[in-house]
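The values are calculated or read from the model by the stated rules, or taken from the named source; none is laboratory data. If you're wondering where the values come from, they're calculated on a predicted model, not measured in any experiment. A quick note on method: Cβ atoms are made from the backbone with ideal geometry, for glycine too, and the neighbour counts reach across all protein chains shown.
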Amino acid sequence: MQEAMQKFGRFLSAMVMPNIGAFIAWGFITALFIPAGWIPNEGLAELVGPMAKWLLPLLIGFTGGEVVNGHRGGVVGAIATAGIIVGTDIPMFMGAMIMGPIGGVAIKKFDEAAQDSIPGGFEMLVNNFSAGIIGGVLACAAYSFVGPIVSSITDGLASAVGAIVSAGLLPLVSILVEPAKILFLNNAINHGVFTPLGMQQAQEVGKSVFFMIESNPGPGLGVLLAYSLFGVGNARGSAPGAVIIHFLGGIHEIYFPYVLMKPTLILAVMAGGVTGVFTLTLLNGGLVAPAAPGSFIAIMAMTAPGAYFANIAAVAAAAGVSFAISSVFIKATAAADAEKEDSLEAAQANMKAMKAASKGQSVEGEKQVAGADIKFIVYACDAGMGSSALGAAALRKKLHKDGYKNITVKNFAIGNIPKDAQIVVSHEKLAERARADSPQAEHIWVKDFTNNNVYDVISERLKGGGVEAPADSGGEEEQAQSLKEGVLLKDNVKVGLKSVSKEEAIKAAGELLFKSGYVEKEYIEGMLARERDISTYIGQGIAIPHGENAVKKHVIKTGLVVMQYPQGVKFSDENTAHLIVGIAGKGDDHLAIIANLATITMEYSEEDLQKAYTTKDPQVLFDMFTKG
């Protein structure tokens with residue numbers, strides 16, 4: 001049970017903590033500019049409502065979906081969250097925490113079911129429409145069903161609070177109020193129940209304890225102080241700032257995420273709340289009017305004459321009890337929290353070097369994944385378009401040919417690597433960026449995306465983990481993909497070109513892409529910049545120059561050009577390219593040619609390649625690159 005609660009808390013934390021900055025921004029704006037704020041401003045105060053109703057729930061919904069299925073899951077999670085926002089009148093933080101992960105799970109299940117049946121060249125079309133359709137259906141379901149359920153929960157909590165008050169068990173009301181606050185239902189309970197009761201009591205006796213039940217900052221203050229002293233990582237680093245916003249600014253919502261990521265802390269705020277209300281009733285405290293926002297400053301301003309000691313004592317007692325209980329829970333799980341914290345120091349401490357040599361290449365790894373656990377391998381490059389796609393296609397083909405068809409191998413741009421990637425292969429010059437983007441993964445760094453020993457490393461790992469390929473592993477070949485019409489034109493296959501420098505050859509390929517309407521002029525400089533950063537020579541006498549990530553916006557449509565240099569173009573002292581394939585990739589349309597390139601580099605005999613290098617018939621090369 002405890003382990004399940006910890007997992008649940010970590011999942012909630014993963015949804016909320018990345019968005020703490022947005023909560024702080026909203027807290028500052030609220031504390032400063034609302035009518036009861038420090039420097040009221042009617043115009044800027046207009047930001048408060050939309051941020052609470054739309055921005056924060058959408059961020060949580062997006063992050064919840066992203067945790068489950070990367071950026072794609074985040075998009076569907078945000079769409080689904082929009083439905084529940086529209087369907088209710090209160091801020092839908094709780095609804096976002098429901099619909100975001102549901103959206104991520106839904107699109108993940110679709111992707112798993114459809115990944116092997118999407119025809120080559122249709123990946124982007126299917127991806128976009130599936131996300132839109134699934135997200136739209138979930139948004140409608142959230143509007144029609146989930147929203148009313150959450151509203152009913154809110155109404156039920158308000159009724160339960162009223163019943164406890166009517167029964168004369170006032171201190172126990174915090175047992176319901178504090179959890180309700182954590183679910184962002186504080187305003188509904190405060191203004192729907194306590195303010196009317198408080199106004200009636202204040203008219204009769206000049207003050208009311210009801211005004212301080214929800215607005216008492218003590219329970220939240222205790223939690224934040226405990227995190228400031230005993231927390232780890234981002235939670236500890238951000239807690240002191242949250243203390244200021246919560247205690248002095250009166251924005252209680254700022255501490256809710258800290259409780260959500262460790263749900264056992266609900267007990268701490270409940271105990272703190274009960275202690276605060278008991279202290280108020282014992283010492284006869286109360287306010288003359290609602291404290292809005294619920295800051296210590298506002299409480300002091302609204303304190304009835306003669307009630308200052310009682311009110312201060314109620315805040316201090318609530319904070320003390322909450323702090324004491326929170327400290328126990330936070331310290332008890334500090335070791336586990338530190339272990340899962342993705343800090344640079346942790347990554348460096350856990351790094352495990354794995355070096356091997358093959359054909360002069362080096363491979364290094366960290367956080368080694370057991371062979372039996374390998375399910376998702378990612379090739380990553382700057383643009384996620386050319387080199388990584390080719391490397392992924394080559395590895396995938398080798399693994400599938402040997403029977404390991406349950407291992408997913410995909411290519412991504414650095415910056416979009418999925419969070420569930422287990423092994424990430426990237427160029428050694430991109431090592432730091434790749435590691436920063438996916439600290440959870442084992443990293444393999446190579447000098448060449450295709451001419452390396454990554455397959456040998458993976459294969460040995462699989463065998464070492466007791467994973468053997470099926471006996472009939474070599475009996476099934478992958479079906480070759482056909483290139484989408486218009487991506488490569490026969491007129492764009494040039495043979496018999498005279499040798500030039502690699503810069504001139506790349507520029508010539510770019511000029512041909514430009515003249516054919518595939519790219520804008522700026523793309524050519526991006527191709528040259530890419531080559532200056534990392535060589536696009538892939539081995540077997542083939543180079544695939546393409547633009548860096550910064551110029552992808554200048555791609556008009558997917559296009560390829562093939563340029564043959566019988567005498568070769570020097571890409572380095574050791575590497576000479578005879579075929580230069582210029583690539584302009586729009587979305588996933590170019591992946592069919594990448595698959596064919598993988599076949600060419602792995603399976604064409606040296607004799608066949610020599611014919612390709614010297615043929616005077618463009619049709620031979622056209623067929624090679626379009627028909628697999």
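Structure values in brief
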quantity: Selection count where residues are touching a Lys or Arg at 6+ places or on another chain (Cβ under 7 Å) and in a loop (DSSP other than H, G, I, E, B), scope the range 524-544; calculated: 2
quantity: Conditions (1) among the small types (Gly, Ala, Ser); (2) outside any helix (DSSP H, G or I); (3) at pLDDT 70 or above; number of the one not met by GLY37; calculated: (3)
quantity: Qualifying residue in the range 493-516 (condition: assigned to a strand (DSSP E or B), at pLDDT 90 or above and not aromatic (Phe, Trp, Tyr)); calculated: yes
quantity: Every residue from the range 87-111 that is hydrophobic (A, V, I, L, M, F, W, C) and modelled with pLDDT under 90; calculated: ILE90, MET92, PHE93, MET94, ALA96, MET97, ILE98
quantity: Qualifying residue in the range 188-208 (condition: at pLDDT 80 or above and either touching a Gly at 6+ places or on another chain (Cβ under 8 Å) or within 30 Å of ILE299 (Cβ to Cβ) (or both)); calculated: yes
quantity: Looking only at the range 112-168, and only at residues there that are surrounded by fewer than 16 Cβ atoms within 10 Å (Cβ to Cβ) and either among the acidic types (Asp, Glu) or in contact with a Cys (Cβ under 7 Å, 6 or more places away or on another chain) (or both), the one that is modelled with the lowest pLDDT; calculated: ASP116
quantity: Test: PHE256 is modelled with pLDDT under 90 and under 26 Å from LEU283 (Cα atoms); calculated: no
quantity: Residues being surrounded by fewer than 23 Cβ atoms within 10 Å (Cβ to Cβ) and farther than 26 Å from PRO40 by Cβ - total across the range 276-297; calculated: 5
quantity: Helices (runs of 4 or more DSSP H) wholly inside the range 201-303 containing at least 3 residues that are more than 18 Å from ILE330 (Cα to Cα); calculated: 210-213, 233-247, 266-283, 296-302
quantity: Answer residue from the range 400-435, given it is among the aliphatic types (A, V, I, L, M) and at pLDDT 80 or above and is farthest from ASP456 (Cα to Cα) among those; calculated: ILE417
quantity: Extreme residue, modelled with the lowest pLDDT, among residues of the range 548-587 that are small (Gly, Ala, Ser) and either in a strand (DSSP E or B) or over 37 Å from the mean Cα position of the chain (by Cα) (or both); calculated: SER572
